[in-house]
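The values are calculated or read from the model by the stated rules, or taken from the named source; none is laboratory data. Only a predicted model underlies this, so the values are computations on that prediction, with no experimental measurement involved. FYI the Cβ positions are ideal-geometry reconstructions off the backbone, even for glycines, and counts take in every protein chain you see. We work out accessible area using only protein heavy atoms, side chains counted, and drop any ligands, DNA or RNA first. Shrake-Rupley method; radii C 1.70, N 1.55, O 1.52, S 1.80 Å.
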Number of protein chains: 2
Amino acid sequence: MTKLDEKDRQILRVLSRDGRISNLDLAEKVSLSPSACLRRVQALEAAGVIAGYRAVLDPAKLGVGFIAYLSVGLKEHTKAAQEAFERAVARAPEVRECHNITGNVEYLLRVEAADLASYKAFHTDVLGALPQLSTISTHVVMASPKDERA
Amino acid sequence: MTKLDEKDRQILRVLSRDGRISNLDLAEKVSLSPSACLRRVQALEAAGVIAGYRAVLDPAKLGVGFIAYLSVGLKEHTKAAQEAFERAVARAPEVRECHNITGNVEYLLRVEAADLASYKAFHTDVLGALPQLSTISTHVVMASPKDERA
DNA sequence: GTGTGTTTGCAATTTCATTGCGCCGGTCGC
DNA sequence: GCGACCGGCGCAATGAAATTGCAAACACAC
């Protein structure tokens, strides 16, 4: 993959909105023949520009009624402590995202749980079991006016 | 859609990892015939459990080298101020997510930009143009050890 | 046990993805 | 300027997959 041209960007725009559009429809949307279009998509996949495809699920329909972002600070900033924390987070299904950020705290987590009660359980059982944590603050999501990565 | 059974959950699990798996392969993975499997998928889509499909793009390959989360506080907490802010955010392509959260500040944003310079431009031109903001703090993402919603 | 409403698997049909091939436009070397 | 070369395109043929009708298997309720 040398460089993305306007057609490639168009394809990516469409696919990031509808990852399961048929190649035929996609080709029409970007004004290409199906074969040319498919070849571009394959090239984008091979180049890693398209990292994969996902179904977007509705949390509410799955019984997830509690979503929060957590700022988490560690006691020690050693490599070992960070790795231990990241391992724990990787294992916890409630944690959908974990970002290592700059600022007062080291991590920002996105946590999804069924309700406040199961969030509390997560807080106690998962977070409470980690000795390396110093500060935790919970920010409950009340709404997401924009969520393009949903 | 009455209720999700184990097969449905299995299907959702597979599709959220690989949204473009062929129905044939999916059917095999969940031990169903292709037709039965497809009908379940269609039902899940119709019920809104599957809200859609997306291609996951690699930000780095697209020239996005700067990702940050921003805590944003408003001066006034009026409905009008919130709506104005949300409208502005909806228009800004750099903002990929905007969550209305509890805590010291009202909003948490995820912003993606090409580099620090273009982030600064966003900060000045977009955020600087909003009179209703009181506090902004930027948390640069250094890494994302877990990002299931990517 | 029988009726009712679902869900399944099979098989036929249609639609789609995929690939080989020749064509066109642009580029480079001479 | 001219011809060989390269990259990308569309067309058409091929094979694979999605989709649907239908009858059997199943699950319950009565």
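Computed quantities for the displayed model
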| quantity | calculated |
| --- | --- |
| Rounded accessible area of B:LEU62 (nearest 10 Å², 1.4 Å probe) | 70 |
| Reachable lysines, given that their alpha-carbon falls under 28 Å from the alpha-carbon of A:LYS3 and they are not under 8 places away in the same chain | A:LYS29, B:LYS61, B:LYS120 |
| Estimated vicinal HN-Hα couplings, Hz - region B:98-113 in sequence order (Karplus 6.51, -1.76, 1.60; Gly, Pro = x) | 9, 10, 8, 10, 8, x, 4, 10, 8, 10, 10, 10, 10, 10, 10, 9 |
| Interface burial for B against A (accessible surface, 1.4 Å probe, total of both chains, Å², rounded to 100) | 5200 |
| Accessible area of chain A belonging to carbon and sulfur atoms, whole % at 1.4 Å probe | 54 |
| Formal net charge of residues neighbouring A:ARG87 (Cβ-Cβ distance under 14 Å; K, R +1; D, E -1) | +1 |
| Residue-by-residue Karplus 3J(HN,Hα) for region B:12-22, coefficients 6.51, -1.76, 1.60, Hz, glycine and proline x | 5, 4, 5, 5, 6, 8, 9, x, 10, 4, 6 |
| Delta accessible area of at least 50 Å² on complex formation, residues of region A:22-48, 1.4 Å probe, chain isolated as reference | none |
| Using distinct alpha-carbon pairs, which all enter the 1/r mean, Kirkwood radius of region B:6-46 in Å | 9.8 |
| Within-11-Å neighbourhood charge of A:GLN10 [Cβ basis; K, R +1; D, E -1] | +2 |
| Residue-count net charge about A:VAL72 - beta-carbon cut-off 15 Å; Lys, Arg +1, Asp, Glu -1 | -1 |
| A:VAL64 accessible area, 1.4 Å probe, all protein chains in place, Å² to nearest 10 | 40 |
| Probe 1.4 Å, protein heavy atoms only - accessible area per residue of the protein assembly as shown in square angstrom | 50 |
| Choice from B:LYS120, B:LYS75, B:LYS29 with maximal GNM fluctuation in chain B (Cα, 10 Å cutoff) | B:LYS29 |
| Euclidean distance of C-alpha centroids, region A:105-132 and region B:32-69, integer Å | 26 |
